[in-house]
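Engineer: One structure coming up, written as structure tokens, with questions to follow.
We did not get these values from a lab; they are worked out from the coordinates using the rules stated. None of these values were measured; they are calculated from a predicted model. Positions of Cβ are generated from backbone atoms using ideal geometry, with glycine treated the same way; all protein chains shown enter the neighbour counts.
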Amino acid sequence: MFKPKYTITNKLLENIKRINQLVYELNSHHFPHVVLVELQRNAEEISTYASTSIEGNPLPLTDVKEILKTKPKNIHDSEQEVLNYNEILKEINIKLNKEIVFFKVDFILFIQKKVTQKLLPSFQSGQFRQDAVFVNDPRLHKTIYWPPDHKDVPKLVEDLVNFVKSNKNIIDPLILAGIFHKQMVIIHPFMDGNGRTTRLATKILLAEMGLDTFNLFSFENYYNKNVTKYFEMVGVRENYYDIYSTVDFTSWLEYFTDGIIDELLRVEKLLPQQAASPQSQLQSYHVKIIEFIKQKRFITDREYSKLVKRARATRHLDFKKLTKLGLITMKGKNKGSYYILNKK
């Protein structure tokens with residue numbers, strides 16, 4: 001049975017209070033849907049960049065955004081890694097909005113499978129590892145941590161998930177999410193994709209516990225600002241079987257909640273700016289497109305030209321803006337193309 005060791009320090013308590021205050025303040029504001037859509041897209045891009053960068057992906061944020069926009073076919077592993085992460089992140093956000101995500105071992109395996117698709121052999125993707133793994137420190141050129149034997153992994157992950165479920169109404173959700181995050185890294189259940197899978201699963205856990213604020217924040221961003229510090233805080237050293245019963249989660253929980261505060265403050269500052277941004281604001285002609293689709297289920301450029309007196313090139317920009325904001329999607333090609341509303 002998993003029984004984590006931690007202390008509720010004054011700092012941890014203050015962090016939890018601060019997070020709840022920030023979440024309350026953010027939820028008390030009412031921003032246009034188009035603004036929230038744009039911010040969610042931005043958060044997904046940042047999360048994708050940060051989480052893959054933490055694991056050593058060399059692509060800068062500008063390249064990540066371009067890859068997510070164009071979705072190229074012939075790609076390197078670094079680009080596939082970015083597309084994988086963003087795809088499962090979007091899928092998770094959709095499921096969370098529909099409240100159909102359940103925190104289970106099977107879903108954690110599903111996340112790892114999506115994160116590593118086309119990057120690992122099929123017998124290692126969506127499966128717990130079947131071999132020993134080691135954590136090396138590239139600076140020291142030596143092994144610093146020996147995770148548990150692969151035979152113990154399924155039971156350890158199951159115990160961790162059961163611990164979270166059984167304590168949902170007992171332990172503060174932020175503490176539970178933080179404990180889950182570190183313990184998953186300690187177990188190191190997969191041959192690859194451990195960090196990315198853990199960070200995505202932690203997001204689900206926070207959302208399931210009512211701390212998913214508009215899907216707008218990316219706590220991965222905080223870790224990526226100082227990757228060395230992140231690995232020092234989340235990881236452990238020596239052999240798992242020698243240290244597992246003595247691991248103290250306190251310092252990590254303080255750091256974990258520091259990161260959430262940092263990101264929530266960024267979102268709090270960004271929301272009003274985005275609301276006032278011309279890139280996010282809809283004009284009357286944009287609204288006409290949306291209202292027409294709501295009534296007729298789709299719209300063509302020809303139909304739009306009858307609604308407004310705008311040149312063809314300008315109409316194209318109108319459709320492009322709504323597409324970029326994630327409000328509509330183009331179907332068909334050339335003269336047969338039309339636009340439909342995206343599902344919320």
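Engineer: Placing +1 on the Cβ of each Lys and Arg and -1 on the Cβ of each Asp and Glu in the chain, which of ILE46, PRO121, PRO4 has its Cα farthest towards the positive end of the resulting dipole?
Structural biologist: Result: ILE46.
Engineer: Report, in debye and to the nearest 20, how large the dipole of the chain comes out about its Cα centre when Lys and Arg carry +1 and Asp and Glu carry -1 on their Cβ. Display every interim value, and only then the final one.
Structural biologist: Working: 51 positive and 39 negative charges, 455 e Å.
About 2180 debye.
Engineer: Once the Cβ-Cβ distance between LYS309 and LYS168 is put in as r, and R0 is 56 Å, what FRET efficiency do you end up with, to the nearest 0.05? Kindly include the intermediate steps, with their values, before the conclusion.
Structural biologist: Details: r = 57 Å, r/R0 = 1.01.
Step by step, r from the Cβ atoms, then E = 0.50.
Engineer: Amide H neighbours of ILE328 under 5 Å, counting only residues 5+ apart in sequence or on other chains, H built in-plane at 1.01 Å?
Structural biologist: Result for ILE328 returns THR323, ASN342.
Engineer: Next question, about the same structure. From the residues LEU253, ILE75, GLN130, which one has its Cα farthest along the dipole of the chain in the positive direction, the dipole being from +1 and -1 charges on Cβ of Lys/Arg and Asp/Glu about the Cα centre?
Structural biologist: ILE75
Engineer: Also: SER251 to LYS320: FRET efficiency via 1/(1 + (r/R0)^6), r the Cβ-Cβ distance, R0 35 Å, to the nearest 0.05?
Structural biologist: Values: r = 48 Å, r/R0 = 1.37.
E between SER251 and LYS320, to the nearest 0.05, is 0.15.
Engineer: When the Cα centres of the range 306-323 and the range 167-194 are compared, how far apart do they sit, in Å?
Structural biologist: Answer, in whole Å: 48.
Engineer: Rounded to the nearest 5, what % of DSSP beta bridges with both residues in the chain are antiparallel?
Structural biologist: Working: 8 of 11 bridges.
Of the beta bridges lying entirely in the chain, close to 75 percent run antiparallel.
Engineer: With label points built 7 Å along Cα→Cβ from the Cα atoms of GLU55 and LYS142, find their separation and express it in nm.
Structural biologist: Taking the two extended label points, one gets 2.8 nm.
Engineer: Under a 10 Å cutoff between Cα atoms, tell me which one of HIS33, HIS76, HIS181 has the largest fluctuation in the Gaussian network model of the chain.
Structural biologist: Answer for the Gaussian network model of the chain: HIS76.
Engineer: So who's got an amide H within less than 5 Å of the one on SER218, skipping anything under 5 residues away but keeping other chains? H placed 1.01 Å off N, in plane.
Structural biologist: Long-range HN contacts for SER218: none found.
Engineer: In addition: Would you kindly derive the ³J(HN,Hα) couplings of the range 191-199 from the backbone phi angles with the Karplus curve 6.51 cos²θ - 1.76 cosθ + 1.60 (θ = phi - 60°), listing them in order in whole Hz, with x for Gly and Pro?
Structural biologist: Rounded to whole hertz, the list is 5, 7, x, 4, x, 4, 5, 5, 5.
Engineer: Report the relative contact order of the chain, percent, no decimals, based on alpha-carbon pairs under 8 angstrom and at least 6 residues apart.
Structural biologist: Values: 401 pairs, mean separation 83.8, N = 344.
Taking the mean separation of contacting Cα pairs over the length of the chain, I get 24 percent.
Engineer: Right, here's the next one. With 5 Å bins from zero, work out the P(r) of the range 284-341 over every alpha carbon pair and list the percent per bin.
Structural biologist: 4, 20, 36, 29, 10, 0
Engineer: In cubic angstrom, how much convex hull volume per residue do the alpha carbon atoms of the range 10-275 span? Each step should come with its number before you reach the end.
Structural biologist: Details: hull volume 36.5 nm³, N = 266.
Cα-based convex hull of the range 10-275, divided per residue, equals 137 Å³.
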